[in-house]
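Everything on this sheet refers to the single structure shown next.
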Amino acid sequence: MSASPAFQHALGLAVKARRVELGVTQEQLANDTELHQRWISNVETGKRNPSYASLRRLAAGLGLSASELILRAEDIETHSATVNPPAITAPRR
């Protein structure tokens, strides 16, 4: 089962927010985690869904546990859903 597009996007936003908060470039994070800079970019833009092992390495490079990073992504996803709830349409007759 893959992550929902909304969660994948939220995870990317959480990664980028934390990286920016730390004042670290994608390249620096890549060097610290032994992950590719392009892969990190793809995670941040929601184009990649990291494996658990990669998520743990990425989180550690951001000074977080995997569960803390996931919690940040869930908070972003939940907030986004309340700010932009899905449109409800009337049934066709």
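Every number in this text was worked out from the coordinates using simple rules, so none of it is lab data. None of these values were measured; they are calculated from a predicted model. Cβ: placed from backbone, ideal geometry, glycine included. Neighbour counts: every protein chain shown.
Summary of values
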{"read-out": "Number of the condition not met by residue 67 [criteria: (1) farther than 15 Å from residue 10 by Cα; (2) free of Cβ contacts under 8 Å to residues at least 24 places away in the same chain; (3) loosely packed, with under 14 Cβ neighbours inside 10 Å]", "value": "(1)"}
{"read-out": "Residues being in a helix (DSSP H, G or I) and touching a Leu at 6+ places or on another chain (Cβ under 8 Å) - total across segment 58-76", "value": "9"}
{"read-out": "Residues that are more than 17 Å from residue 9 (Cβ to Cβ) and surrounded by 17 or more Cβ atoms within 10 Å (Cβ to Cβ), drawn from segment 35-53", "value": "35"}
{"read-out": "Of all residues making up segment 1-34, the number that are crowded, with 17+ Cβ neighbours inside 10 Å and outside any helix (DSSP H, G or I)", "value": "1"}
{"read-out": "Selected residue [touching a residue at least 40 places away in the same chain (Cβ under 8 Å) and of a type outside the set (S, T, N, Q)] from 10, 30", "value": "10"}
